[in-house]
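Before I ask anything, let me first share the structure, which is written out below as structure tokens.
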Amino acid sequence: MDTLLLDGGRPLSGVVRISGAKNASLPILIATVVAPGEHRLRNVPELVDTSSMLSLLGRIGCASLLGETMRVDTSRVAFCEAPYDLVRKMRASVLALGPLLARCGEAHVSLPGGCAIGSRPIDQHLKGLEALGCRFELDGGYVHGRVDRLRGAEFAFDVVTVTGTENVLMAAVLADGTTVLDNAAAEPEVEDLARFLVGCGARIEGAGTSRIVVHGVPSLKASPVAHAVLPDRIEAGTYLVAGVISRGNIRCEDVRPADLAPVIEVLRAVGAEVEVGPDWVSAGADGRVRAVDIETAPHPGFPTDMQAQLMALLSLAKGTSRVTETIFENRFMHAAELVRLGAQIHIDGRAATIIGQPTLSGATVMATDLRASASLVLAGLAAEGRTEILRLYHLDRGYERLVEKLSAVGAAVERGQEGRPRFAAPAAVAG
């Protein structure tokens with residue numbers, strides 16, 4: 001099993017070009033099902049989750065061709081099932097439910113897997129689709145859905161859910177009449193999905209706000225214009241924290257600074273030096289940052305997907321910080337691994353108290369989910385000595401060419417295999 005080996009304590013400096021957003025690419029890939037034809041997509045990141053979604057598309061009969069511009073042909077859909085062996089690897093596979101119901105009138109989708117960061121039920125997906133006329137049965141770990149005719153409706157989500165909003169949105173574009181979605185997720189990735197669907201002929205208003213109005217159309221077709229996936233704001237935020245925690249400075253290019261506003265605000269609050277350009281953001285520090293209190297929230301609040309990375313930074317801050325997680329009930333599993341590196345973190349329900357330490361020390365740690373993995377990388381970059389991160393496959397799900405990008409800005413990092421000799425120790429200095 002692959003591991004990540006880090007030799008910490010080096011200030012990182014340089015430019016990182018940000019990849020396309022994983023959380024936009026996955027719904028857009030499955031959304032191609034509702035618009036038959038050959039789609040061209042640019043800026044799709046090469047990730048394990050991307051490969052899993054392409055495998056799902058292949059399983060239902062669609063073809064894909066990789067390249068700088070990805071081609072996905074959804075002219076033919078032969079099957080309407082998303083099986084367990086694919087869905088268990090990636091929660092986003094549940095997004096097949098809406099498109100398959102809209103395209104085929106039925107869908108058989110395994111209950112989802114992915115990161116173990118909370119129960120993350122799909123009840124809001126089912127309630128929203130039921131409002132459009134769908135009927136569901138749960139049997140043997142599968143959701144079996146059918147619909148004779150999708151009908152527009154007014155539906156308010158009980159809680160804000162990104163994938164729930166996306167699933168209902170993808171079905172609503174082909175419903176008879178108008179659908180109004182209230183308390184909808186306003187994340188940039190939802191807006192990007194809507195932009196893709198509009199390019200295929202959908203009529204959508206209000207994407208990027210909490211109220212989305214969809215005027216159903218009889219059919220969609222693949223756009224002749226290639227859709228470019230928006231930049232990954234979470235990847236960018238992670239590298240910005242890397243610049244600060246290593247006491248260096250990293251400039252992230254090919255980004256949308258507005259999407260990073262909550263992260264920029266917090267980095268400035270801890271005392272980091274942050275500069276913003278039209279399509280770039282840089283962040284760095286020359287010493288310890290100061291403690292802050294934060295609370296995760298749906299967009300435009302501080303993103304839950306950056307909570308673990310910020311906790312790593314606050315582990316080295318001057319003073320005591322408090323992090324409150326409002327989105328997922330089990331998203332502090334990285335805290336125990338950060339403690340192995342020397343952090344002082346106390347968990348009380350959905351709140352974490354972090355007593356900042358002057359230094360961290362390298363150790364062997366285990367990743368529990370995607371963003372927890374990123375927090376351990378950041379802590380390892382700042383720690384004295386060597387850090388080995390196990391279960392590296394989590395990182396491969398969400399960070400494209402991580403080792404290459406970190407190495408380019410000065411990190412001592414490489415992939416290894418558990419049980420194999422680690423990279424050589426620094427040569428002793430003669431004296």
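The values are calculated or read from the model by the stated rules, or taken from the named source; none is laboratory data. Since the model is a prediction, treat every value here as computed from it, not as a measurement. Reconstructed Cβ throughout: ideal geometry from the backbone, glycine too, with neighbour counts over all protein chains shown.
Using beta carbons and a limit of 7 Å, which pairs, at least six apart or on different chains, have the first residue in region 297-321 and among the basic types (Lys, Arg) and the second one outside any loop (DSSP other than H, G, I, E, B)?
Pairs that qualify, where the first residue is among the basic types (Lys, Arg) and the partner is outside any loop (DSSP other than H, G, I, E, B), are Lys318/Arg290.
Okay, next question. Checking Arg71 against (1) touching a helix residue (DSSP H, G or I) at 6+ places or on another chain (Cβ under 9 Å); (2) assigned to a strand (DSSP E or B), only one condition comes out false. Which one?
(1)
For region 182-254, give me every one of the strands (runs of 3 or more DSSP E) that falls completely inside it and has 2 or more residues that are crowded, with 19+ Cβ neighbours inside 10 Å.
Because the criterion is at least 2 residues that are crowded, with 19+ Cβ neighbours inside 10 Å, the strands (runs of 3 or more DSSP E) in region 182-254 that meet it are 211-215, 249-253.
Let me ask something else about it. Can you go through Gly284, Gly277, Gly301 and tell me which one is within 26 Å of Pro358 (Cα to Cα) and not aliphatic (A, V, I, L, M)?
Gly284
Something else now. When you scan region 355-367, how many residues do you find that are surrounded by 24 or more Cβ atoms within 10 Å (Cβ to Cβ) and in contact (Cβ under 8 Å) with a residue 40 or more places away in the chain?
1
Then there's this: Restricting to region 198-218, name every residue that is basic (Lys, Arg) and under 14 Å from Ala185 (Cα atoms).
Matches in region 198-218: Arg211 only.
Let me ask another. Please go through region 258-296 and give me each residue that is without any contact (Cβ under 8 Å) to a residue 60 or more places away in the chain and among the charged types (D, E, K, R), ordered by number.
Within region 258-296, Glu265, Arg268, Glu273, Glu275, Asp279, Asp286, Arg290, Asp293, Glu295 qualify.
Out of the residues in region 42-60 that are surrounded by 15 or more Cβ atoms within 10 Å (Cβ to Cβ) and part of a loop (DSSP other than H, G, I, E, B), state the one that is farthest from the chain's Cα centre (by Cα).
Ile60
Out of the residues in region 3-30 that are part of a loop (DSSP other than H, G, I, E, B) and of a type in the set (Gly, Ala, Ser), which is surrounded by the most Cβ atoms within 10 Å (Cβ to Cβ)?
In this case the residue turns out to be Ala21.
Within region 19-53, how many residues are more than 25 Å from Arg256 (Cβ to Cβ) and at pLDDT below 95?
The total comes to 2.
Just the residues that are β-branched (Val, Ile, Thr) and touching a Phe, Trp or Tyr at 6+ places or on another chain (Cβ under 9 Å), please, taken from region 166-187.
Val168, Thr179, Val180, listed by residue number.
Related question: For region 309-319, check the following and say yes or no: at least one residue is outside any loop (DSSP other than H, G, I, E, B), within 24 Å of Leu12 (Cα to Cα) and of a type in the set (Gly, Ala, Ser).
Yes; the residues of region 309-319 include at least one that is outside any loop (DSSP other than H, G, I, E, B), within 24 Å of Leu12 (Cα to Cα) and of a type in the set (Gly, Ala, Ser).
While we're looking at this one, here's another question. Could you run through region 129-170 and say how many residues are assigned to a strand (DSSP E or B) and either of a type in the set (Phe, Trp, Tyr) or surrounded by fewer than 21 Cβ atoms within 10 Å (Cβ to Cβ) (or both)?
12
Does Asp2 count as at pLDDT 95 or above and farther than 30 Å from Pro218 by Cα?
no
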